[in-house]
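First the structure, then my questions, so here it is.
Values quoted throughout were computed directly from the atomic coordinates according to the rules given, and no laboratory measurement underlies them. Quick caveat, the model's predicted, so the values are computed rather than measured. Neighbour counts run over all protein chains shown; Cβ positions are idealised from the backbone, glycine included.
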């Protein structure tokens with residue numbers, strides 16, 4: 001979006017929406033945020049010097065502890081596919097590359113190509129506003145089956161660099177390439193360049209990469225050289241602080257529009273502002289929000305993989321599917337939309353071998369009011385029918401209803417053991433070649449029948465490798481904890497002494 005006339009975009013958006021329900025809802029939300037920002041600014045002005053002095057002392061100790069835990073030994077990549085949905089459509093229809101194009105429709109744009117972005121057309125923008133910004137805009141209907149197949153190809157490449165890569169979404173993944181670089185005796189920058197070239201060769205699509213000592217730095221850096229580029233944050237404390245200092249706090253993962261405005265009310269626009277005003281911020285924000293801002297401003301993030309999971313536990317918190325459509329008041333049509341959404345969600349859960357015990361229905365009404373309704377189930381479910389039944393009950397309870405978006409989210413997962421998963425293949429109905437092509441149930445990869453057995457072995461080996469590595473990490477953490485606690489009272493005895501100390505003396 002560099003070079004876009006932002007004033008023009010704001011003016012067009014305002015003129016197109018000023019009399020709409022969307023605009024009125026946005027005005028209401030902005031008013032609520034303005035009140036919160038005003039209250040925060042008043043609290044800031046009322047802080048005493050004594051309060052600030054105490055906060056500064058506590059902050060100094062906290063920063064020292066965080067710095068002592070800074071880990072610069074890992075090399076993480078964040079790989080982000082460039083305008084993924086739009087790029088897949090351009091690959092399959094090359095004439096679209098020179099035309100302004102968006103995947104979606106008049107109701108909502110899923111993503112736009114880089115030509116359309118020069119006009120200010122972006123993802124999550126109503127399509128009718130996109131047309132006002134760019135009258136020659138071309139809409140292409142989404143094809144999620146095609147995008148899923150392309151994502152499976154990219155993941156095949158990622159696995160060669162890090163078999164335990166973490167897929168954030170169809171178009172993004174995090175890879176720890178520390179061991180790969182050590183084995184190949186190459187730098188992380190070289191590994192990123194090779195990976196990007198292999199993704200292009202395998203898919204015909206470009207991607208951008210960020211390189212850093214932790215996942216947060218890699219994520220931020222992945223957006224620095226888009227499209228088809230890469231950026232490295234060198235793994236020294238000085239380079240990391242220099243990189244983070246001028247960065248707008250909105251660029252920090254997890255900081256949204258509301259948090260940005262609240263921080264601005266306290267005088268914080270960039271990360272260096274957050275460090276400069278850290279003492280008052282610690283008194284104005286919740287403990288978790290302040291910790292997040294402080295760690296991000298210092299360039300500290302996760303360097304390890306998620307901890308070892310017990311059998312049946314799942315690291316993923318939830319999985320959802322949602323669809324936007326023209327305002328709909330027909331119960332039959334809304335039920336049809338929900339039926340389709342439940343089917344898609346069931347397919348996604350099947351690929352990861354998941355069963356859920358909680359379903360959440362998301363509704364955006366025609367007046368842009370957002371409703372969420374949740375149901376806890378008596379057992380774990382995974383099929384489309386099992387997901388749909390409670391979702392329909394939640395939907396019926398909201399009738400009569402006029403909606404423009406429905407979504408369904410599954411959570412509280414139980415993961416099937418590797419031996420229980422459907423590690424199998426089905427004929428690929430979309431294959432165009434004469435040769436027999438199969439579709440892997442687990443990852444969606446398409447491959448020849450002669451490679452199916454080897455591919456199944458790869459899934460089993462990857463699962464085993466993951467569990468063994470996590471067991472090694474757990475053993476190392478346990479050993480470190482025992483070393484730190486050597487010579488200390490046992491936790492139970494220490495807790496007993498603390499309780500006795502708090503009891504009033506008779």
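For an R0 of 35 angstrom, estimate the FRET efficiency from the Cβ-Cβ distance between residue 397 and residue 124 and round to the nearest 0.05.
Efficiency, from the Cβ-Cβ distance: 0.80.
Take 174, 128 and order them by how many other Cβ atoms sit within 10 Å, fewest up front.
128, 174
Give the order of 402, 134, 78, 328 when sorted by the count of other beta carbons within 10 angstrom, beginning with the fewest.
Numbers: 402 12, 134 21, 78 26, 328 18.
Listed from fewest to most nearby Cβ atoms, that is 402, 328, 134, 78.
With viscosity set to 1.567 mPa s and temperature to 4 °C, compute the Stokes-Einstein D of region 1-142, Rh being the Kirkwood radius across alpha carbon pairs; µm²/s, no decimals.
For the chosen part, D equals 67 µm²/s.
Jot down the per residue volume, in cubic angstrom and as a whole number, of the convex hull over the alpha-carbon atoms of region 241-388.
Normalising the Cα hull of region 241-388 by residue number yields 179 Å³.
Sticking with this one: What nm value, rounded to one decimal, do you get for the distance between residue 333 and residue 304 when each label is placed 7 Å out toward the C-beta?
If labels sit at residue 333 and residue 304, their model points lie 5.3 nm apart.
Based on the Cβ-Cβ distance from residue 21 to residue 383, what FRET efficiency comes out when R0 is 45 Å, to the nearest 0.05? Please list the in-between numbers first.
Numbers: r = 36 Å, r/R0 = 0.81.
Rounded to the nearest 0.05, the efficiency is 0.80.
Quote to one decimal, in nm, the extra length available between residue 62 and residue 261 on full extension: 0.36 nm per residue of separation minus the C-alpha distance between them.
Extra length available between residue 62 and residue 261 comes to 69.1 nm.
If you don't mind, another one. Place the peptides 262-268, 155-161 in order of packing, highest mean first, counting for every residue the other Cβ atoms within 10 Å and averaging per peptide.
Taking the mean over residues of other Cβ atoms within 10 Å, the ranking is 262-268, 155-161.
Shifting gears a bit: Taking only the alpha-carbon positions of region 318-416 and ignoring solvent, what does the Debye formula give for the base-10 log of I(q)/I(0) at q = 0.14, 0.15, 0.20, 0.21 Å⁻¹?
-0.46, -0.52, -0.89, -0.97
Checking a compactness column here: for region 1-74, what do you get for Rg(Cα) / (2.2 N^0.38 Å), N being the number of residues?
Relative to the rule-of-thumb radius for its length, region 1-74 sits at 1.92.
If each of residue 92 and residue 352 carries a label point 7 Å out from its Cα toward its Cβ, how far apart are those two points in nm?
About 2.4 nm separates the two model spin labels.
Related question: Please find the FRET efficiency linking residue 344 to residue 198, where r is the Cβ-Cβ separation and R0 is fixed at 30 Å, and quote it to the nearest 0.05.
Result of the calculation: an efficiency of 0.55.
Quick one: Kirkwood hydrodynamic radius for region 99-210, alpha-carbon pairs, angstrom, one decimal?
Evaluated on region 99-210, it is 15.7 Å.
Ratio of alpha-carbon Rg to the 2.2 N^0.38 Å globular estimate for region 85-152, to two decimals, please. Mind showing how you got there, number by number?
Numbers: Rg = 11.1 Å, N = 68, 2.2 N^0.38 = 10.9 Å.
Region 85-152 yields a ratio of 1.02.
Regarding region 161-257, what whole-number volume in Å³ per residue does the convex hull of its Cα atoms give?
Numbers: hull volume 10.8 nm³, N = 97.
In region 161-257, the Cα convex hull volume per residue is 112 Å³.
Here's another thing I want to ask about it. Once you keep just the Cα pairs under 8 angstrom separated by 6 or more residues, what percentage relative contact order results for region 318-416?
46
Turning to a different aspect of this structure: I'd like the projected area of region 31-104, averaged over all directions, using the convex hull of its alpha carbons. Report it in nm² with one decimal. The partial results should precede the final answer.
Working: hull surface 45.1 nm².
Taking a quarter of the hull surface, the average projection is 11.3 nm².
If I stretch the segment between residue 325 and residue 289 completely, what's the gain in nm (0.36 nm per residue apart, minus their alpha carbon distance), one decimal?
Answer, rounded to one decimal: 9.5 nm.
Further question on the same structure: For region 149-177, list residues with backbone N below 17 Å from a point placed 7 Å from the Cα of residue 224 toward its Cβ?
Counting backbone N atoms under 17 Å from the label point, the list is 175.
Related question: Please give the length that would be gained between residue 241 and residue 54 if that part of the chain were fully extended, namely 0.36 nm times their separation in residues minus their C-alpha to C-alpha distance (nm, one decimal). Please list the in-between numbers first.
Details: separation 187, 0.36 × 187 = 67.32 nm, distance 2.53 nm.
Using 0.36 nm per residue and subtracting the Cα-Cα distance, I get 64.8 nm.
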